[in-house]
Amino acid sequence: MTKMGGYDHRVAQFGVPPYGGSLHQNVYYADSDLCDVNVDTRKGYPTRAKDKDGQMLPWPSSFILMVDRGGCNFVRKVRNAQHSGAAGVLIADNTCLCSAGNACYSDPGISCETREPPMADDGSGSDISIPSFFMFKQDADPIKAELMANHVVRVEMAWSLPNPDARVEYDVWTTPTDSVARNFMKQWKAAVVALDGRVYFTPHMYIYDGIKSSCLGANGENQCYNLCTNNGRYCAADPDSNLDQGISGADVVGESLRRACIWKLYGEMDGVGEAWWDYLNEFMFRCDTQEYFTNLDCIRDAMAQSGIDSGKIDDCMSDSGGIEDDTPNYILEDELTAKDSRGVVIVPSAFVNGVAIRGALEFDVVFTEICASYLAGVEPDICSLCAACPDGHKYECVVDGYCHLWHHHSTNEIRNATLALTEPPTMSSFTTVKPAASSGTENVTADELRHSEFPTAAPAATTATYRSASANMKSSGYVLFTITMWSCALTF
């Protein structure tokens, strides 16, 4: 089966997709939602030969497994498929999208959906190593029909590098109290400046939907105490797990709205937002404590230090719907919509050109992913200088414009090569220290001394010089001496 342009699908936000590679395997339809951990590998289509006991043989390795949507979350399905030996998974949708129109036929009694379900990680998907796709009903149904007719279907799952071009777009989901992302947020402005406008950034504030979480009660009252704003509509976890004191979830939502407004006014146009990054650092330095987190004097001072007009930000927060009244806030509504459409459930999360970053939100990880996403030959200069610099050194490379580790190694290599290729220098002096109890004299060659009880052997590059040298030195006790030669001093 082939389809011009391939089959429309969505990639799971868990598992390990082999970007730049592909997977070619026969497909087997499990004829199940695969929610039970005890997977019956002898079921499904196409049918196989039977063993001596009359049971159908298991799915032959290696294979891609197609399973039905529904019954449990995507992570459980893919995990069970992985444990049964699948190399990849196709989740077949059983509900049409309304936008598909006449291209999709719903089962009797089932209405179409207005939004596609995201293949989100439920927070437990770190053990999943196989890739998985979500297929829409209009594409999945014909494949299932072929398999159930006992026809062999072979699928290619391919992963190209995401949309390489001259500009990279990336998104980060975090919260104002996210300690995991703190170091990244403090360091990343250096990369923002160094990438020189060749990236477009969109920050997202992670909040959760109070209505879906039943924080907006049937009687119209906020049911979640001080975790929410707007009478229970927008909520955040209590960062210090103490509802009676400290920073509340509602405080986090308020600061999230403030940062969203700062970005809208000072970063959205160019996707760089230096003032936004400055505010984050000023806030973390001045106000990121229980005492000052909501202190307006501290917050306004942080904005002033960042070149931000606090009056404009206050107006933005109020005009969008505020956080006090029993009304929606359109900026916070947009954040909920973006979170749901992307399927974000873990904070912090980052995406480069729409693809989730696999790994911690750290400077090295994000910088490497961004640089790898440019079209070959058009990457910014800072990527050429620092992307290959070893992890742990990329930040200082971006700040200083060169890789410190390479510079250090290069300097040593040049020095050693010079010592090895230059004629041995003439020894100019010996300094000896004789213990008081020692007596007698003896001719001792430097070669003999090199193999004596002294703790450090002579460097290989200067061995020839030592072997040709001799001097009258005190033989009893330890002798401390300095050989001064050419342009370096070696001390033992």
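Quick notes
- Counted as qualifying within segment 261-372 are the helices (runs of 4 or more DSSP H) with 3 or more residues that are assigned by TED's automatic domain parsing to the domain that holds T177, more than 20 Å from T202 (Cβ to Cβ) and under 30 Å from the mean Cα position of the chain (by Cα), namely 274-286, 296-305.
- Qualifying residues in segment 306-353 (those that are out of contact with any Gly (no Cβ under 9 Å at 6 or more places or on another chain) and of a type in the set (V, I, T)) - the one farthest from P176 (Cα to Cα): V352
- From D121, D107, residue being in a loop (DSSP other than H, G, I, E, B) and more than 29 Å from P348 (Cβ to Cβ): D107
- Within segment 378-400, the set of residues being part of a loop (DSSP other than H, G, I, E, B) and more than 14 Å from R167 (Cβ to Cβ) comprises A387, A388, C389, P390, D391, G392, H393.
- Among (1) over 17 Å from the mean Cα position of the chain (by Cα); (2) closer than 30 Å to Y200 by Cα, the one test that H151 misses: (2)
- Inside segment 237-253, residues that are surrounded by 15 or more Cβ atoms within 10 Å (Cβ to Cβ) and out of contact with any helix residue (DSSP H, G or I) (no Cβ under 8 Å at 6 or more places or on another chain) make up a count of 7.
- All conditions but one from (1) assigned to a loop (DSSP other than H, G, I, E, B); (2) in contact with a strand residue (DSSP E or B) (Cβ under 7 Å, 6 or more places away or on another chain) apply to D244; the one that does not is (2).
- Checking each residue in segment 206-238 for being in a loop (DSSP other than H, G, I, E, B) and of a type in the set (G, A, S) picks out G210, S213, S214, G217, A218, G220, A236, A237.
The values are calculated or read from the model by the stated rules, or taken from the named source; none is laboratory data. Model, not experiment: these values are computed from the prediction. Note that each Cβ is placed from the backbone with ideal geometry, even for glycine, and that neighbours are counted across all protein chains shown.
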